[in-house]
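Here's the structure we're looking at; comments come further down.
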Amino acid sequence: MIWVSWRRQRTEALIAAAVLLALAAFLVPTGLHMASVYHHDGLSTCLGPAGGASCDDTIQSFTDRFSSLNNLIAWTTLLPGLLGVLLAAPFMLEFEHGTHRLAWTQSVTRGRWIAGKLGLAVACALVAALILTLLLTWWHAPLVRLNGRMDNGVYDSEGIVIFGYTLFALGLATAVGAVWRRGVPAIVAGFAAYFAVRLFVDTWLRQRLMPPLTATWHLMVPDPRALRHALVLDEYPADAHGHHVLIPANECGAGRALKRTPGLGDCFARHGYFMHAVYEPASRFWALQGIETALFAAGGGILLAFAAWWTYRRV
Amino acid sequence: MITTPAISTDRLGKRYGSAWALRDCTLAVPAGSVTALVGPNGAGKTTLLQLVVGLGRATAGSVEVFGCDPQRDAGAVLPRVGFVAQEHPLYSGFTVAEMLKVGRKLNPGWDDAFALQRVQELSLPLGGKIGKLSGGQQAQVALTLALAKRPELLVLDEPVASLDPLARREFLSSLMEAVTETGVTIVLSSHILADLERVCDHLVILSRARTQLAGPIDEIVAEHRLLTGPRADVAEIARRHEVVTARHSERQTSLLVRSNGHVYDASWELHEVDLEEIVLAYLAQNRAEDPTLAMSA
């Protein structure tokens, strides 16, 4: 059973491996380059207690230098979905080609066949997710040390969420394919649905999983420690109680766009303005990752169970 | 001696949506027989065979294979049943050797020596991709897969429909070879009767989702007679015998009857009929009786 499932899954597994290999071929040289620049510019000492004011500029220039590359790598957030739906293909193709009539009339019962087939797809998906996570985590390491890992572009490929995403995409495509029994349309529909769910979670749900914290501080003092590497959802001028204030256009050189000019702190102090931020602190990284991964993995598991049940009962 | 029939169905029915694909099907296939399942396209042949091998779930009635329910007791039934589905689906990306490996891995009773020998005799290339083989060769691989499982019952759904006449002949003769070697019970469906007459000893006629006739072929042929005579009312004959079809020309009436004993009426001339005529008569009978058939066909 395992050999048969593997032989049926082999092509898709090889395609997934090729995709990951191509990604590695791009990530490894750029990652090594970024790491060497990081050491060359002495950024590691900047992060220590010895880091002076000049370090802010160094960090900024390093971040700017690699920002376009980082934006490009952010597209890899599509990969868990692509790999997930790809690995669902062998299951749905069995029905599209009618070969389930061959498989189900051997001596292995339908239940065992479904379990073996889906079990192997899950195993392949988890391996792909592991490789993807390791690659991206390694690549992001210098940027994460400087700027944290709470921003969506980095957060989506750090920690454990990729496992949840991949399983969810696999479950989605498998469930659509089990009902629809057409490989390509099911893959396209599965990926589209996956993309919509990810968009919803990234832009709306994630910041509501745990109620965000707020901070109000005087611009004359350094930004609060808690904001370091945090996911800042909103930041605006406020009064001492944190209520939003509109700064008139002629004050503090500010219109709508508030620029952090050197004199801004003094100006704020003169008028009694404060800064106020709504944020998810970096310390919540693992808690948020855990919740999100659990949601996606549970969704994927439920969809896989549905696909198995549907196939067992209805086909 | 009473033996468990290989297949027995009792008012078996299967509905897809609101349409019955098979209805009130009651029949028994004796162990050791070679049974032909005949009927026009859409008569419910595939549905019946899929219910037998456990691929489908009955909507009504019951089906038993060697006394077991093929769905509930799949673990017990599956190893004893070989199935060659319509268009003999195989994994087209696999080589012949890999396809045999599938059989070996999925069937505890797999006879590898037999499979290899058969592949060799048919000169099928072990390293050749299934997708590159001819239709006839693919059908032979599918048959090998089903036979090497060493089943007690072999079910074939339209096994020769997609084959050219030569491949068809080769397929059926290799099937018959297997019957004589192993004594396996065979049920095969077809809408082409000529092929089946040579190889089968039992017949089931399925039409419009119902069983029309079932029994040993020699009995069926012996029972049926063609009566011709001057144009007459058939009521007299129909009292004693079952009139399958009646054709009237200006002066003459010809009846195909399933006789219940001898026909003593001297006004009728008796003729022997062959199996093909009988089957065609049963299929035509249904067409004539049911005005909706023209639409559903």
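The values are calculated or read from the model by the stated rules, or taken from the named source; none is laboratory data. Being a predicted model, the structure only gives us computed values, none of them experimental. Every residue, glycine among them, receives a Cβ derived from its backbone with ideal geometry; neighbour counts consider all protein chains shown.
Restricting attention to the stretch B:104-126, the residues that are farther than 18 Å from A:W3 by Cα and not in a helix (DSSP H, G or I) add up to 6. Are any of the residues in the stretch A:22-41 within 20 Å of the chain's Cα centre (by Cα), over 26 Å from A:P142 (Cα atoms), surrounded by 18 or more Cβ atoms within 10 Å (Cβ to Cβ) and not basic (K, R)? There is no residue in the stretch A:22-41 that is within 20 Å of the chain's Cα centre (by Cα), over 26 Å from A:P142 (Cα atoms), surrounded by 18 or more Cβ atoms within 10 Å (Cβ to Cβ) and not basic (K, R). Listed by position, the strands (runs of 3 or more DSSP E) enclosed by the stretch B:4-75 that each have at least 1 residues that are away from chain A (no Cβ under 14 Å) and over 13 Å from the mean Cα position of the chain (by Cα) are B:7-16, B:19-29, B:60-65.
Conditions (1) β-branched (V, I, T); (2) assigned to a helix (DSSP H, G or I), marked per residue:
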residue: A:F168; (1), (2): no, yes
residue: A:T214; (1), (2): yes, no
residue: A:L233; (1), (2): no, no
residue: A:P237; (1), (2): no, no
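A Cβ distance below 6 Å, combined with a sequence gap of six or more or placement on separate chains, defines the contacts here; from the stretch A:3-18, residues that are within 9 Å of chain B (Cβ to nearest Cβ) reach residues that are in a helix (DSSP H, G or I) and surrounded by 14 or more Cβ atoms within 10 Å (Cβ to Cβ) in the pairs A:W3/B:K105; A:V4/B:V102; A:V4/B:K105; A:R8/A:P90. Within the stretch A:135-146, does at least one residue satisfy the condition of being out of contact with any Pro (no Cβ under 7 Å at 6 or more places or on another chain), away from every other protein chain (no Cβ under 14 Å), in a helix (DSSP H, G or I) and closer than 23 Å to A:F191 by Cβ? The answer is yes, given that some residue of the stretch A:135-146 is out of contact with any Pro (no Cβ under 7 Å at 6 or more places or on another chain), away from every other protein chain (no Cβ under 14 Å), in a helix (DSSP H, G or I) and closer than 23 Å to A:F191 by Cβ. Would you check if there is a residue in the stretch A:77-88 being within 14 Å of chain B (Cβ to nearest Cβ) and within 22 Å of B:P89 (Cα to Cα)? Scanning the stretch A:77-88 turns up no residue that is within 14 Å of chain B (Cβ to nearest Cβ) and within 22 Å of B:P89 (Cα to Cα).
Condition check ((1) within 21 Å of B:P30 (Cβ to Cβ); (2) modelled with pLDDT of 90 or more; (3) not aliphatic (A, V, I, L, M)) across all residues:
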site	(1), (2), (3)
B:V199	yes, no, no
B:E219	yes, yes, yes
B:A232	no, no, no
B:Y264	no, no, yes
B:L283	no, no, no
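Within 13 Å of chain A (Cβ to nearest Cβ) and of a type in the set (D, E), is that true of B:E197? No: the conditions fail for B:E197. Of all residues in the stretch A:170-196, those satisfying the criterion of being assigned to a helix (DSSP H, G or I) and surrounded by fewer than 18 Cβ atoms within 10 Å (Cβ to Cβ) are A:V179, A:W180, A:V184, A:P185, A:V188, A:A189, A:A192, A:F195, A:A196. Does A:R101 satisfy the condition of being within 14 Å of chain B (Cβ to nearest Cβ), under 30 Å from B:L90 (Cα atoms), surrounded by 21 or more Cβ atoms within 10 Å (Cβ to Cβ) and not polar (S, T, N, Q)? Against the criterion (within 14 Å of chain B (Cβ to nearest Cβ), under 30 Å from B:L90 (Cα atoms), surrounded by 21 or more Cβ atoms within 10 Å (Cβ to Cβ) and not polar (S, T, N, Q)), A:R101 qualifies.
Residue pairs whose Cβ atoms lie under 6 Å apart, sitting 6 or more positions apart in sequence or on different chains, and linking a residue in the stretch B:107-123 that is closer than 27 Å to B:L166 by Cα and within 14 Å of chain A (Cβ to nearest Cβ) to a partner that is surrounded by 12 or more Cβ atoms within 10 Å (Cβ to Cβ) and modelled with pLDDT of 95 or more, are B:A115/B:L100; B:A115/B:T144; B:A115/B:A148. Any idea which residue in the stretch B:149-191 is surrounded by the most Cβ atoms within 10 Å (Cβ to Cβ), counting only those that are among the acidic types (D, E) and under 17 Å from the mean Cα position of the chain (by Cα)? Per the criteria, the residue is B:D157. Filtered by the rule that a residue be of a type in the set (G, A, S), within 9 Å of another protein chain (Cβ to nearest Cβ) and out of contact with any His (no Cβ under 9 Å at 6 or more places or on another chain), the stretch B:76-104 gives B:G82, B:A85, B:G93, B:G103.
Restricting attention to the stretch A:77-92, does a residue exist that is in the same structural domain as A:R181 (by TED's automatic domain parsing), without any contact (Cβ under 8 Å) to a residue 24 or more places away in the chain and either out of contact with any Phe, Trp or Tyr (no Cβ under 7 Å at 6 or more places or on another chain) or assigned to a loop (DSSP other than H, G, I, E, B) (or both)? Within the stretch A:77-92, not a single residue is in the same structural domain as A:R181 (by TED's automatic domain parsing), without any contact (Cβ under 8 Å) to a residue 24 or more places away in the chain and either out of contact with any Phe, Trp or Tyr (no Cβ under 7 Å at 6 or more places or on another chain) or assigned to a loop (DSSP other than H, G, I, E, B) (or both).
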